[in-house]
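Engineer: Before we start, here is the structure in question, set down as structure tokens.
The values are calculated or read from the model by the stated rules, or taken from the named source; none is laboratory data. Remember, predicted model here, so these are calculated numbers, not experimental data. No Cβ is skipped: glycine too gets one built from the backbone with ideal geometry, and neighbour counts run over all protein chains shown. When the accessible area is computed, the model is the full protein with side chains, heavy atoms only, and any ligands, DNA or RNA have been set aside. Shrake-Rupley method; radii C 1.70, N 1.55, O 1.52, S 1.80 Å.
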Amino acid sequence: MTNKEKYNEAFCNAFEINQDQLNGLKYQGIKLWDSVGHMTLVANLEDAFDIMMETDDIIDFSSYEKGMEILSTKYDVQF
Amino acid sequence: MCNSDSSLTGKYALITGCNRGIGKSILQHFAEKGVNIIACIRKKNEEFDVFCQKQMELNQISIHIFYADLLEEESVRQFVSDLYKSKLPVHILINNAGVVSKGLLPMTSMQQLKDVFQINFFSQVQITQGVSKIMMRQKCGVIINMASIGGMDAFPAYMSYGCSKAAIIYFTKTMSQELASYHIRVNAVAPSMTDTSMKEEMGELANMEIQRRCAIKGLIPVNDVAKIVLFLASDDSSFINGQIIRVDGGM
Ligand SMILES: NC(=O)c1ccc[n+]([C@@H]2O[C@H](COP(=O)([O-])OP(=O)(O)OC[C@H]3O[C@@H](n4cnc5c(N)ncnc54)[C@H](OP(=O)(O)O)[C@@H]3O)[C@@H](O)[C@H]2O)c1
């Protein structure tokens, strides 16, 4: 599985959505991406990439695109 | 996964400040129940290494030792990161390490206030932030914070210590609400004067005042505090959540 596929899967599992809903997706943009859903997403991503995200990055993680930027610049996950 | 029976055997308990005092007694009580230990202490200590080795052999458990100075945010961050990398499960977290601090208001510097909060509150929050994420994934856990009667009752010259313990009490209550849906219980123990070296640091005057207010006189043995922690960590207390259990002889 590529990193992009793992990343997408973490979102789809956390928010029960399809891949075609991911582009442009924002925090609190859908019902399930609330603060509790955000924790589920972070747990999925940490498991998928074997990382521990810093609190500041969890707070900054405001969209599907921003998440990729954070993971690639700070956690060495290449997409 | 967590055991669903009341047995603690085989679980993993992370205890901070367990090289002496109340924390060491908690370690021993858990070890005797077959609980594996993740010890987080300030620095390497050979006497503690020997003690741990003995506990491992006696009780057929594992003890993993990590180091962190709770005065330093970076040191705590490194510890949490190392803990993640170790992939150890954490079923029980005991935020026990702490310092006492005294001084009347005009003699309490902002630095002193910040330091006591850094150790007694901010670092506990930082550790809980990391460990609760492990527990959230496990979908179970127990967190026990070491508060103090000083966080509820007022004593002159204990503003900084008391405020830091009051903060941990509020933290306990809030976390008990926030984490309950992940099957994580959060409680605190609030001892009065307990028989550790901290009583010397508190001084004769504080000791006398506490004894005056206590119905049952005398120092609380560390074992009494450890046994309450053991009970709160076990499934026997599965509906106790968000509580601050005073061990104070009736004040
Ligand atoms: N004893 C009492 O009367 C009493 C009453 C109410 C509540 N409490 C609370 O119970 C807890 C345990 O106290 P105790 O009586 O067992 O005290 P203690 O014998 O003085 O032990 C304190 C523990 O905390 C650790 N610690 C302190 N500062 C630290 C730092 N910067 N980084 C890492 N570890 C640090 C100490 O490590 P080092 O050995 O490296 O210093 C030690 O392991 C504390 O939270 C205390 O506030 C105690």
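Engineer: Being surrounded by fewer than 16 Cβ atoms within 10 Å (Cβ to Cβ) and either without any contact (Cβ under 8 Å) to a residue 40 or more places away in the chain or not in a loop (DSSP other than H, G, I, E, B) (or both) is the filter here, so list the residues in the range A:69-79 that pass it.
Structural biologist: The initial filter retains those residues of the range A:69-79 that are surrounded by fewer than 16 Cβ atoms within 10 Å (Cβ to Cβ), namely A:69, A:72-74, A:76, A:78-79.
Scanning the range A:69-79 gives A:69, A:72, A:73, A:74, A:76.
Engineer: Where residues in the range B:57-70 are open to solvent by less than 60 Å² (accessible area, probe 1.4 Å) and within 10 Å of the ligand (Cβ to nearest atom), which of them is nearest to the other protein chains (Cβ to nearest Cβ)?
Structural biologist: Per the criteria, the residue is B:68.
Engineer: Let me confirm something: among B:7, B:62, B:86, which residue is touching an Asp or Glu at 6+ places or on another chain (Cβ under 9 Å) and of a type outside the set (Asp, Glu)? Walk me through how you get there before you give the answer.
Structural biologist: Numbers: B:62 fails: touching an Asp or Glu at 6+ places or on another chain (Cβ under 9 Å); B:86 fails: touching an Asp or Glu at 6+ places or on another chain (Cβ under 9 Å).
Going through B:7, B:62, B:86 in turn, the sole match is B:7.
Engineer: Looking at the range B:186-207, which of its residues are more than 20 Å from residue B:166 (Cβ to Cβ) and either of a type in the set (Gly, Ala, Ser) or within 12 Å of the ligand (Cβ to nearest atom) (or both)? Let's see the steps before the verdict.
Structural biologist: The initial filter retains those residues of the range B:186-207 that are more than 20 Å from residue B:166 (Cβ to Cβ), namely B:195-197, B:199-200, B:203-205, B:207.
Across the range B:186-207, the qualifying residues are B:195, B:196, B:197, B:199, B:200, B:203, B:207.
Engineer: Being open to solvent by 40 Å² or more (accessible area, probe 1.4 Å) and outside any helix (DSSP H, G or I) is the filter here, so list the residues in the range B:11-33 that pass it.
Structural biologist: Filtering the range B:11-33 for residues open to solvent by 40 Å² or more (accessible area, probe 1.4 Å) gives B:12, B:19-20, B:24, B:28, B:32-33.
Across the range B:11-33, the qualifying residues are B:12, B:19, B:20, B:33.
Listed here are the residues, each with its yes/no results for (1) away from the ligand (no atom under 12 Å from the Cβ); (2) part of a helix (DSSP H, G or I); (3) within 14 Å of chain A (Cβ to nearest Cβ); (4) under 25 Å from residue B:41 (Cβ atoms).
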| residue | (1), (2), (3), (4) |
| --- | --- |
| B:99 | no, no, no, yes |
| B:112 | yes, yes, no, yes |
| B:115 | no, yes, no, yes |
| B:154 | yes, no, no, no |
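Engineer: Within the range B:156-206, which residues are part of a helix (DSSP H, G or I) and farther than 21 Å from residue B:97 by Cα? Can you show your working first?
Structural biologist: Initial filter on the range B:156-206 (part of a helix (DSSP H, G or I)): B:159-178, B:180-182, B:198-202, B:204-206.
Once the filter is applied, which keeps residues that are part of a helix (DSSP H, G or I) and farther than 21 Å from residue B:97 by Cα, the range B:156-206 yields B:177, B:178, B:180, B:181, B:182, B:204, B:205.
Engineer: Assess whether residue A:59 counts as being surrounded by fewer than 14 Cβ atoms within 10 Å (Cβ to Cβ) and within 14 Å of chain B (Cβ to nearest Cβ).
Structural biologist: Working: surrounded by fewer than 14 Cβ atoms within 10 Å (Cβ to Cβ): yes; within 14 Å of chain B (Cβ to nearest Cβ): yes.
It is true that residue A:59 is surrounded by fewer than 14 Cβ atoms within 10 Å (Cβ to Cβ) and within 14 Å of chain B (Cβ to nearest Cβ).
Engineer: Tally the residues that are open to solvent by less than 60 Å² (accessible area, probe 1.4 Å) and more than 14 Å from chain A (Cβ to nearest Cβ), restricting the search to the range B:72-88.
Structural biologist: Count: 1.
Engineer: Also, I was wondering about something else. Does residue A:11 satisfy the criteria of being more than 14 Å from chain B (Cβ to nearest Cβ) and open to solvent by less than 30 Å² (accessible area, probe 1.4 Å)?
Structural biologist: yes
Engineer: Restricting to the range B:208-235, what's the tally of residues that are open to solvent by 30 Å² or more (accessible area, probe 1.4 Å), assigned to a loop (DSSP other than H, G, I, E, B) and within 14 Å of the ligand (Cβ to nearest atom)?
Structural biologist: To start, the set of residues in the range B:208-235 that are open to solvent by 30 Å² or more (accessible area, probe 1.4 Å) comprises B:208-209, B:211-213, B:215-219, B:221-224, B:227-228, B:231, B:235.
Add one more test, that the residue is assigned to a loop (DSSP other than H, G, I, E, B), and what stays is B:215-219, B:221.
Of the ones still in play, those that are also within 14 Å of the ligand (Cβ to nearest atom) are B:218-219, B:221.
Residues flagged as open to solvent by 30 Å² or more (accessible area, probe 1.4 Å), assigned to a loop (DSSP other than H, G, I, E, B) and within 14 Å of the ligand (Cβ to nearest atom) within the range B:208-235 amount to 3.
Engineer: Look at the range B:171-185 and say how many of its residues are within 16 Å of the ligand (Cβ to nearest atom) and touching a strand residue (DSSP E or B) at 6+ places or on another chain (Cβ under 6 Å).
Structural biologist: First, pick out the residues of the range B:171-185 that are within 16 Å of the ligand (Cβ to nearest atom): B:171-172.
Among the residues that remain, those that are also touching a strand residue (DSSP E or B) at 6+ places or on another chain (Cβ under 6 Å) are: B:172.
Qualifying residue count, the range B:171-185: 1.
Engineer: In the range B:149-168, is there at least one residue being open to solvent by less than 30 Å² (accessible area, probe 1.4 Å), under 18 Å from the mean Cα position of the chain (by Cα), of a type outside the set (Gly, Ala, Ser) and closer than 19 Å to residue B:227 by Cα?
Structural biologist: yes
Engineer: Restricting the search to the range B:117-135, which residues are touching a helix residue (DSSP H, G or I) at 6+ places or on another chain (Cβ under 6 Å) and open to solvent by 30 Å² or more (accessible area, probe 1.4 Å)?
Structural biologist: B:117, B:121, B:126 - these are the residues of the range B:117-135 that are touching a helix residue (DSSP H, G or I) at 6+ places or on another chain (Cβ under 6 Å) and open to solvent by 30 Å² or more (accessible area, probe 1.4 Å).
Engineer: Determine which member of the set B:54, B:33 is closer than 28 Å to residue B:234 by Cβ, more than 14 Å from the ligand (Cβ to nearest atom), in contact (Cβ under 8 Å) with a residue 40 or more places away in the chain and basic (Lys, Arg).
Structural biologist: Values: B:54 fails: in contact (Cβ under 8 Å) with a residue 40 or more places away in the chain.
The conditions single out B:33.
Engineer: Give the number of residues within the range B:236-251 that are more than 25 Å from residue B:171 (Cβ to Cβ) and open to solvent by 70 Å² or more (accessible area, probe 1.4 Å). Explain how you work it out, then say what you get.
Structural biologist: Filtering the range B:236-251 down to residues more than 25 Å from residue B:171 (Cβ to Cβ) leaves B:249-250.
From what is left, the residues that are open to solvent by 70 Å² or more (accessible area, probe 1.4 Å) are none.
Total satisfying the criteria: 0.
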